[in-house]
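Peer 1: Sharing a structure with you now.
The values are calculated or read from the model by the stated rules, or taken from the named source; none is laboratory data. If you're wondering where the values come from, they're calculated on a predicted model, not measured in any experiment. Please note: Cβ atoms are built from the backbone with ideal geometry, for glycine as well, and neighbour counts cover all protein chains shown.
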Amino acid sequence: MNILDIIAKKRDKNELTKEEIEYFVKGYTEGMITDYQASALVMAIYINGMNEREITDLTLAMAYSGDVLDLSSLGEVVDKHSTGGVGDKITLILMPIIASLGIPVAKMSGRGLGFTGGTIDKLESIPGYNTNVPVDKFIDNVKKVGISLIGQTLNLAPADKKLYSLRDTISCTESIPLIASSIMSKKIASGANKIVIDVTCGSGAFMKSIESAKELARVMTKIGELANKETKCIITDMNQPVGHSVGNILEVIEAIDILKGKYLPEDVKNIITELGSNMLILAGKANSIEEAKGKILENLSNGKGYDKFVQLVQNQGGDISYIENTDKFSKAKFILPIIADKTGIIDKLDALTIGKLSVYLGAGRMKKEDDIQKEVGFVFNKKVGDKVQKGETLGYVHANDERKANEVLGMPLYDIK
């Protein structure tokens, strides 16, 4: 068996065997297969696709290319994952609520790259919060307070890390077999036995159309079934940012305000109840979607979700005075209003545009080693479907560079009709 024959086989639209896929994953992870050879195979997969059995074999080979967590001592762990988006602070809101309902939350999250934000960057906006926790401490944290959210600091799915970076450099990111195997390999390696996946769909997501989102969801559900990991996929809208805030500190503040019961944006409510209810059912904590949604909203309104968030932050070294009083968070140097240029109804607030402009302001990174400015981003008072008057303030740009802020204000952030 050699890599040239495997490349030629997929190039010619033939099915790869389990052994050939494992040979490739092992060889590439260990450096025996070169980047240019891996690129050739990845491009062949991108063009010619894979069947469900091939995708599952690729997923499992990547999942077991490094460490695999054993979370069996925690009981029934249900993990949650999002395929990425703009303003996505759902983990910060939902996972403490899930933990407050007696389901252990042991979650590893990533940093933001490109226009999509990362949960770890948001958590590290809280002074003192430690995302770099050893596995034994990670598990002990869950046993102690029911929840731990940390970064992917372990040798989890190293093959996926290499392939993910490679795909990004050869324009092979938007491939359902490659996206599905990437996501599911990390979830399997992370140790959860049941998984709920938020498949975002729209301008600010990998899947731009509902058809492609449904196909990705179907493939990941099938992978979970074949890998003996019960998996539920929920498709959510990512045509406009989630909630009202985009940017690390701004999203943390919004998540805290929601957990405190100050307000609850309709899109955030829909996402946390849809994802959360399916998590409760998979964990055996509810018998129906309606019952589960009621429990989610109850523990949001009674403050138990907020209390669990405070426990999480305190247990991992964070300064809870920032949670109790969000005015303590650092602020951008320039906070400039976005003014409506006419009267009408907001027809569009494009997630992709906002995501890219957030990166331009410094809220995101284009390379993993890039620094980010935690204070910058956007806060939107109005969203799609809202009526506005000419001269009304639609939101604010938060920036540390006045020139950039004014450039962003010159962009068509809203479509008003």
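For every residue, the table says whether it meets (1) more than 24 Å from residue 414 (Cβ to Cβ); (2) more than 26 Å from the chain's Cα centre (by Cα); (3) at pLDDT 95 or above; (4) not polar (S, T, N, Q).
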{"residue": "324", "(1), (2), (3), (4)": "yes, no, yes, yes"}
{"residue": "328", "(1), (2), (3), (4)": "yes, yes, yes, yes"}
{"residue": "331", "(1), (2), (3), (4)": "no, no, yes, yes"}
{"residue": "334", "(1), (2), (3), (4)": "no, yes, yes, yes"}
{"residue": "337", "(1), (2), (3), (4)": "no, yes, yes, yes"}
{"residue": "344", "(1), (2), (3), (4)": "no, yes, yes, yes"}
{"residue": "348", "(1), (2), (3), (4)": "no, no, yes, yes"}
{"residue": "355", "(1), (2), (3), (4)": "no, no, no, yes"}
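Peer 1: Let me ask something additional. State all residues of segment 63-93 that are among the charged types (D, E, K, R) and over 19 Å from the mean Cα position of the chain (by Cα); if no residue qualifies, say none.
Peer 2: 67, 70, 76
Peer 1: Just to check your reading of the model, which residue among 146, 191 is assigned by TED's automatic domain parsing to the domain that holds residue 233, on the phi > 0 side of the Ramachandran plot and touching an Asp or Glu at 6+ places or on another chain (Cβ under 8 Å)?
Peer 2: From the options 146, 191, the qualifying one is 191.
Peer 1: Next question. For the list (1) over 22 Å from the mean Cα position of the chain (by Cα); (2) in contact (Cβ under 8 Å) with a residue 40 or more places away in the chain; (3) at negative phi, I need the number of the one condition that residue 288 fails.
Peer 2: Of everything listed in (1) over 22 Å from the mean Cα position of the chain (by Cα); (2) in contact (Cβ under 8 Å) with a residue 40 or more places away in the chain; (3) at negative phi, residue 288 misses just condition (2).
Peer 1: Name the single residue, out of those in segment 148-165 being within 17 Å of residue 25 (Cβ to Cβ) and touching a Ser or Thr at 6+ places or on another chain (Cβ under 8 Å), that is surrounded by the most Cβ atoms within 10 Å (Cβ to Cβ).
Peer 2: Selected residue: 157.
Peer 1: When you check residue 102 against the structure, is it within 18 Å of the chain's Cα centre (by Cα) and at positive phi, yes or no? So that I can check it myself, show each step before the final result.
Peer 2: Numbers: within 18 Å of the chain's Cα centre (by Cα): no; at positive phi: yes.
Judged against the criteria, residue 102 is not a match.
Peer 1: I've got another one for you. Only one of 293, 304 is among the charged types (D, E, K, R), buried (at least 18 other Cβ atoms within 10 Å of the Cβ) and under 20 Å from residue 95 (Cβ atoms); which?
Peer 2: 293
Peer 1: Checking the conditions here, which among 84, 31 is part of a loop (DSSP other than H, G, I, E, B), buried (at least 20 other Cβ atoms within 10 Å of the Cβ) and not hydrophobic (A, V, I, L, M, F, W, C)?
Peer 2: 84
Peer 1: Please go through segment 166-200 and pick out each residue that is in a helix (DSSP H, G or I), surrounded by fewer than 21 Cβ atoms within 10 Å (Cβ to Cβ) and hydroxyl-bearing (Ser, Thr, Tyr).
Peer 2: 169
Peer 1: Quick one: would you say residue 198 is more than 30 Å from residue 413 (Cα to Cα) and acidic (Asp, Glu)?
Peer 2: Taking the combined requirement at face value, the residue does not satisfy it.
Peer 1: Would you please name the residue that is surrounded by the most Cβ atoms within 10 Å (Cβ to Cβ), looking only at residues in segment 210-242 that are part of a loop (DSSP other than H, G, I, E, B) and polar (S, T, N, Q)?
Peer 2: The initial filter retains those residues of segment 210-242 that are part of a loop (DSSP other than H, G, I, E, B), namely 227-229, 238-242.
Narrowing the set further to residues that are polar (S, T, N, Q) leaves 228, 239-240.
On the way: 228: 8, 239: 19, 240: 25.
Only one residue fits best here, namely 240.
Peer 1: Which numbered condition in (1) touching a Ser or Thr at 6+ places or on another chain (Cβ under 9 Å); (2) without any contact (Cβ under 8 Å) to a residue 60 or more places away in the chain; (3) aliphatic (A, V, I, L, M) is the only one that residue 253 fails?
Peer 2: That leaves (2) as the condition not met.
Peer 1: What are the residues in segment 135-165 that are out of contact with any helix residue (DSSP H, G or I) (no Cβ under 7 Å at 6 or more places or on another chain) and not in a helix (DSSP H, G or I), if any?
Peer 2: Once the filter is applied, which keeps residues that are out of contact with any helix residue (DSSP H, G or I) (no Cβ under 7 Å at 6 or more places or on another chain) and not in a helix (DSSP H, G or I), segment 135-165 yields 152, 153, 155.
Peer 1: Among the residues in segment 96-119, are any surrounded by fewer than 24 Cβ atoms within 10 Å (Cβ to Cβ) and part of a helix (DSSP H, G or I)?
Peer 2: No, segment 96-119 contains no residue that is surrounded by fewer than 24 Cβ atoms within 10 Å (Cβ to Cβ) and part of a helix (DSSP H, G or I).
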